[in-house]
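Worksheet for the structure shown next.
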There are 2 protein chains.
Amino acid sequence: MNYEEIMKLALERGFYFQSCEIYPDAPAGFWEYGPTGVSFKNKFVELWRREMIRRDGMLELDGSQIMSKSVFEASGHLSSFADPITKCKKCNSVYRADKLISEAANVIVPESAPLEDFDRAIEEHSIVCPKDKGQLEKVKKFNMMFRVGIGPLDEPAYLRPETCQSLFVDFPRVFKVMRGKLPVGFAQYGKSFRNEISPRQSLIRMREFYQAEIEVFCNPSKLNELERFKEIEQTRINVMLGDDEQPKWMTCKEAVESGAIPNKLVAYYLGLLVEFYEKTGIDVKRHRFRKLGAKEKAFYASVAFDFEVETSLGWLELVACNYRSDYDLTSHAKLSKANFEVMDGEEKVLPHVFELSMGVDRSLYTILDHSLRDDKPNERVVLSVKPYLAPVQVGVLPLMKKDGLYEKADEIFATLKRRYDAFFDVSGAIGRRYRRLDEVGAPFAITIDYQTLQDGTVTLRERDEMKQERIKISDIESRISKLLAYP
Amino acid sequence: MNYEEIMKLALERGFYFQSCEIYPDAPAGFWEYGPTGVSFKNKFVELWRREMIRRDGMLELDGSQIMSKSVFEASGHLSSFADPITKCKKCNSVYRADKLISEAANVIVPESAPLEDFDRAIEEHSIVCPKDKGQLEKVKKFNMMFRVGIGPLDEPAYLRPETCQSLFVDFPRVFKVMRGKLPVGFAQYGKSFRNEISPRQSLIRMREFYQAEIEVFCNPSKLNELERFKEIEQTRINVMLGDDEQPKWMTCKEAVESGAIPNKLVAYYLGLLVEFYEKTGIDVKRHRFRKLGAKEKAFYASVAFDFEVETSLGWLELVACNYRSDYDLTSHAKLSKANFEVMDGEEKVLPHVFELSMGVDRSLYTILDHSLRDDKPNERVVLSVKPYLAPVQVGVLPLMKKDGLYEKADEIFATLKRRYDAFFDVSGAIGRRYRRLDEVGAPFAITIDYQTLQDGTVTLRERDEMKQERIKISDIESRISKLLAYP
């Protein structure tokens, strides 16, 4: 199903919707998760913890979102995290200069070009405001970080534009007190903030968004010595080595041997990532690791792959995988004078960093995109998510309100509600109630009917095939627990 | 144990530490959770979801932290969320005027007094800067919200100073699409931001902090018609009706009958709260609901109780319980023109709001305060948290590195690590490893020794009593699962 249909589901079933929507000054690029969305997101994050963090023995942090100016001086964001923009002198509309030039004159001025290049292109091609043909102001840099002023003296600090900076800055303490051993992943799930000029497409490009970032600290001389590589060596990944090349399926082992992936450490984490996404229910047959060319990759990355998945919006980047070498630790060590070197056995080493920077909101969108289907023969829309990711895990439905069915259902509901995301629904015909549960992906429903009062059994109805069977009330909890289990 | 000892544990065992600590410009009032702290906090939040949200059928949202200016116009924060401050003309030190006056001259000028009153008091009592006796500037209001500028035009928006505003603003949509029925709790766990003039005491007063807020929307004419009141009517709470009065223990039923608590709805949620905190392991014998006088309570609250707990820092407010009546919905309805009225049966009603505003960081601190003990006879420090809240749930310890014990332990660890917060520890004498686990509250440890290789049994060591027993490897998972279960 397409973007509009997913948006309709999101709005009408409590997945997500625009922030401050009742006010006309609601800024664009801010979204809220409703009750269904919160439950869905929590389960996604728990799966990430299970299959990435705990599986690999990573250390998860939760740092401040407001960070000191020095952090972004060292990281390069204060000087480099900026877009070239221009403004219409008549209507004040603001445009990204590179995009406007490319759209108006089909000329490419790279994002990072000197400002004069943009001005020259605008003049040469007589580019004006697309809205009212007004003249454009000189191009300037617009930094995408949000500044905040601390205390009455308004000292400058910034909302982090990526979660990873705490992982770098906190490395010396955390590695020490947690008695770390290289290679070790540091991870963080949380909000990041970017003052985008044109936020768009709901969860796809927001100004405030969730990241789940992993920074693997490693000894650069031991990138091919990784015992646990064997866990994923047969895992198949789809590697695209250049924008003009066809992606190729290969095992992680083949990827390293053929040189497609530079070393075992990188290949191991790419394999882990694919195994994780497979468990989210995303169709991993539609993924690719696209290697970025010199122009496209971030300035700090020596090798970079984007993990992309095909959706109804085209290929979406879900995870940026960057080998950042010692860029970050060197910069922070230099400015802070803190010591980032650690012992690896007998060797003193300044760790290198391999990063997996995941967009959580986009990942959730992609799961919806791959899971929502229009089941026309049965006149229903079904969200076929994995049971362990389902926002509602079980519906509890009394067939009728009367004759003690409501009370019996409520009694069963009470035994389930603390542990499971259970939903009690009594209003409307039973078929309509099943369809509502299907739309929020509830994998099971329990119906309490007249037979329940006689023999203590209920109907267990399954979402995808709509199979029904009768089970004993005393078996409900163990059955559900089994059905919701991780693979 | 006292604040300093808890801080030592926090720093040395990865619970929490100051943000950006490697930089001299790290702003005060920002803290990070380390790996142990993240795990602990996640379990606390899960317990909150279990015992408050799911138990009561509340709707949880996750909204934007940056919100539009209108929201805070309507909420009153733009005009009223401000402290009176004054600055030394010589050294630029900034003080809260009311605090400075009270400390220097023992005179009370209420926080909300007109600015002239502060200036007059400063003049009358010849109050100067405590640091260098410099003259003080005229008192002005300092708004504690952090402003952020959106987009290249720098349109004003604010970091939310409380999570509850999304719950109000989103009420019309969420109540409708989730087919809400009064009374219904809306809840949110997330960050809030306050530009405090004097942040202090680590997790106690921060500029960026976690709240878990609940807003119960209810029909004001039905506050004593609450079927589920019976679930808590025998729960005992400790109510303190005035600052000069002794707190009194009573059941929730007695509290309503005696008029100590104004109605069943309020009493029900206070009871729920005490039951929740009891399960966190906080000693609820040391709690009180302190009723706030007219001067102390927030301007929107018609009745207000602070849930306070006695700690080594004195009485700490963990939850503010405010009956906000229709203050919020009326204000937002007026400014936004959105309709906040809903149907309650046949009656059209503008809901009233009862709020439970929980400080998460302070709650975590209080659990540590009540759980950490110096077990001198055994030369150890033990964090006796409830097993289901333990940051590390099980330690896996090979007695020696050699003779296949490491490999056997690693094999057992692999079966546990995805599901549990398991910690594999091989370094140091076994007694030292037990003590390290005790400090992070791991309720159990499994030791693999020579006997394991012979008969497939391991030692299960319990934290509090240090009891040891031998169990079969095949029984480990079911035993742990049972030992970690919620009550």
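Dipole of chain A (Lys/Arg Cβ +1, Asp/Glu Cβ -1, origin at the Cα centre): which of A:Ser357, A:Ile476, A:Ala304 lies farthest to the positive side? Result: A:Ile476, furthest along the dipole toward the positive end.
I want the local charge near B:Asp344. Using Cβ-Cβ distances under 11 Å, sum +1 for each Lys or Arg and -1 for each Asp or Glu among the other residues. Mind dumping the intermediate values first?
Details: positive: B:Lys181, B:Lys222, B:Lys348; negative: B:Glu225, B:Glu341, B:Glu346, B:Glu347.
Overall, the nearby charge balance is -1.
Surface burial for A against B, with a 1.4 Å probe and both sides summed, reaches about 7100 Å² of accessible area. Given Cα pairs under 8 Å that are at least 6 residues apart, what percent is the relative contact order of segment A:92-194? Once divided by the residue count of segment A:92-194, the mean separation gives 18 percent.
Taking a sphere under 11 Å around the Cβ of A:Lys176 and counting the other residues whose Cβ falls inside, with K and R at +1 and D and E at -1, yields a net charge of 0. Here the Karplus relation 6.51 cos²θ - 1.76 cosθ + 1.60, evaluated at θ = phi - 60°, turns the backbone of segment B:211-227 into coupling constants of 10, 10, 9, 10, 10, 8, 8, 9, 8, x, 8, 10, 5, 10, 10, 9, 3 Hz, with x for every Gly and Pro. Amide H to amide H, with H built 1.01 Å from N, A:Phe423 comes under 5 Å of A:Val394, A:Gly395, A:Val396, counting only residues 5 or more places away or on other chains.
Taking the chain by itself as reference, segment A:53-85 contains these residues with an accessible-area loss of 40 Å² or more in the full protein complex (1.4 Å probe, heavy atoms): A:Arg54, A:Arg55, A:Glu60, A:Asp62, A:Ser64, A:Gln65, A:Ile66, A:Ser68, A:Ser70.
Could you tell me what a quarter of the Cα convex hull surface of segment B:94-233 works out to, in nm² with one decimal place? Before the final figure, lay out each step's value.
Working: hull surface 59.2 nm².
Spelled out: convex hull of the Cα atoms, projected over all directions, averaged, 14.8 nm².
In this entry, segment B:265-329 is assigned a mean projected area of 5.1 nm², taken as a quarter of its C-alpha convex hull surface.
Tally Lys and Arg at +1 and Asp and Glu at -1 over the other residues with C-beta under 11 Å from the C-beta of A:Glu278: what net charge comes out? Provide the component values of the computation, followed by the final result.
Working: positive: A:Arg236, A:Lys279, A:Lys285, A:Lys386; negative: A:Glu51, A:Glu275, A:Asp283.
Net charge in that neighbourhood comes out at +1.
Each residue of segment A:322-332 was assigned a 3J(HN,Hα) from its phi angle through the Karplus expression (A = 6.51, B = -1.76, C = 1.60, θ = phi - 60°), giving 10, 8, 8, 6, 9, 3, 6, 5, 4, 4, 5 Hz with x at Gly and Pro. The charge dipole of segment A:392-483, taken about the Cα centre with unit charges on the Cβ atoms of Lys, Arg (+1) and Asp, Glu (-1), comes to about 120 debye, rounded to the nearest 20. Close amide-amide hydrogen proximity is noted between A:Arg380 and A:Asp375, each under 5 Å apart and 5 or more residues distant or on a separate chain (H modeled in the peptide plane; Pro and chain starts excluded). Within segment B:392-483, antiparallel bridges make up roughly 55 percent of the DSSP beta bridges whose residues both belong there. Each Cα pair under 8 Å and six or more residues apart adds its separation to the average, and for chain A the resulting relative contact order is 13 percent. For segment B:414-420, 3J(HN,Hα) computed residue by residue from phi via the Karplus equation (6.51, -1.76, 1.60; θ = phi - 60°) reads 4, 7, 9, 5, 5, 8, 10 Hz, glycine and proline entered as x. Note on segment A:1-121: Rg/Rh from Cα positions, Kirkwood definition for Rh, rounded to two decimals, is 1.08. Over segment B:191-273, Cα pairs under 8 Å with separation of 6+ residues give a relative contact order of 24 percent. Only Lys, Arg, Asp and Glu carry charge here, each on its Cβ (+1 for the first two, -1 for the last two); on that basis segment B:377-416 has a dipole of about 160 debye about its Cα centre.
A viscosity of 1.567 mPa s and a temperature of 4 °C, combined with the Kirkwood radius over Cα pairs in Stokes-Einstein, give a translational diffusion coefficient for segment B:288-398 of 72 µm²/s.
Hey, got the dipole for segment A:278-400? About the Cα centre, +1 on K and R Cβ, -1 on D and E Cβ, debye to the nearest 20? The partial results should precede the final answer.
Values: 17 positive and 19 negative charges, 48 e Å.
Dipole of segment A:278-400, to the nearest 20 debye: 220 debye.
Dimensions of chain B from C-alpha coordinates, computed as largest minus smallest value along each principal axis and given longest first, are 82, 67, 55 Å.
Suppose only helical runs count, i.e. DSSP H with n ≥ 4. What mean residue ellipticity at 222 nm does that imply for chain A under -39500 (n - 2.57) per run, divided by all residues and rounded to the nearest 500 deg cm²/dmol?
Numbers: 16 runs with 148 residues, N = 487.
After summing the helix terms and dividing by the residues of chain A, the value is -8500 deg cm²/dmol.
Per-residue surface analysis assigns A:Ile150 an accessible area of about 10 Å², computed on protein heavy atoms at 1.4 Å probe radius. Take the Cα coordinates of segment B:365-425, assign each an equal point scatterer, and use the Debye formula without solvent to give log10 I(q)/I(0) at q = 0.27 Å⁻¹. Computed log10 I(q)/I(0) values: -1.02. Burial annotation for segment B:378-426: residues with an accessible-area loss of at least 20 Å² between the isolated chain and the complete set of protein chains, computed on heavy atoms with a 1.4 Å probe, are B:Lys417, B:Arg418, B:Arg419, B:Asp421, B:Phe423. Please name whichever of B:Phe289, B:Ala255, B:Phe186 sits farthest to the positive end of the charge dipole of segment B:168-290, dipole taken about the Cα centre and charges placed at Cβ: Lys and Arg +1, Asp and Glu -1. Of the listed residues, the answer is B:Phe186.
Candidates B:Trp48, B:Tyr3, B:Ser19 compared by Cα position along the dipole of segment B:1-64: farthest toward the positive end lies B:Trp48, with charges placed on Cβ.
Relative to 2.2 N^0.38 Å, what does the C-alpha radius of gyration of segment B:82-143 come to as a ratio? Two decimals please. Working shown, then result.
Working: Rg = 10.2 Å, N = 62, 2.2 N^0.38 = 10.6 Å.
With N residues counted in segment B:82-143, Rg over 2.2 N^0.38 Å equals 0.97.
For the residues B:Val303, A:Val385, a 1.4 Å probe over the protein chains yields an accessible-area ranking, largest first, of B:Val303, A:Val385. Computed over the alpha-carbon atoms, segment A:392-483 gives an Rg to Rh ratio of 0.91, Rh here being the Kirkwood radius from the mean inverse distance.
Give the accessible surface of the protein assembly as shown per residue, rounded to a whole number of Å², with probe radius 1.4 Å and ligands, DNA and RNA excluded.
Details: 39550 Å² over 974 residues.
Computed with neighbouring chains in place, this is 41 Å² per residue.
Filter the GluC sites (Glu not before Pro) in segment A:44-111 down to the DSSP loop ones having no more than 15 other Cβ atoms within 10 Å, then list what survives.
Values: sites: A:Glu46, A:Glu51, A:Glu60, A:Glu73, A:Glu103, A:Glu111; in loops: A:Glu111.
Of the GluC sites (Glu not before Pro), the ones in loops of segment A:44-111 whose Cβ has at most 15 other Cβ atoms within 10 Å are A:Glu111.
Computed over the Cα atoms, what is the radius of gyration of the protein assembly as shown divided by 2.2 N^0.38 Å, N being its residue count? If you can, show how the numbers build up before the last one.
Values: Rg = 29.1 Å, N = 974, 2.2 N^0.38 = 30.1 Å.
The reported ratio for this selection is 0.97.
The values are calculated or read from the model by the stated rules, or taken from the named source; none is laboratory data. This is a predicted model, so every value here is computed, not measured. So basically every Cβ, Gly included, is an ideal-geometry build from the backbone, and we count neighbours across all protein chains shown. For the accessible areas, the whole protein counts, side chains as well, though only heavy atoms, and no ligand, DNA or RNA atoms are used. Shrake-Rupley method; radii C 1.70, N 1.55, O 1.52, S 1.80 Å.
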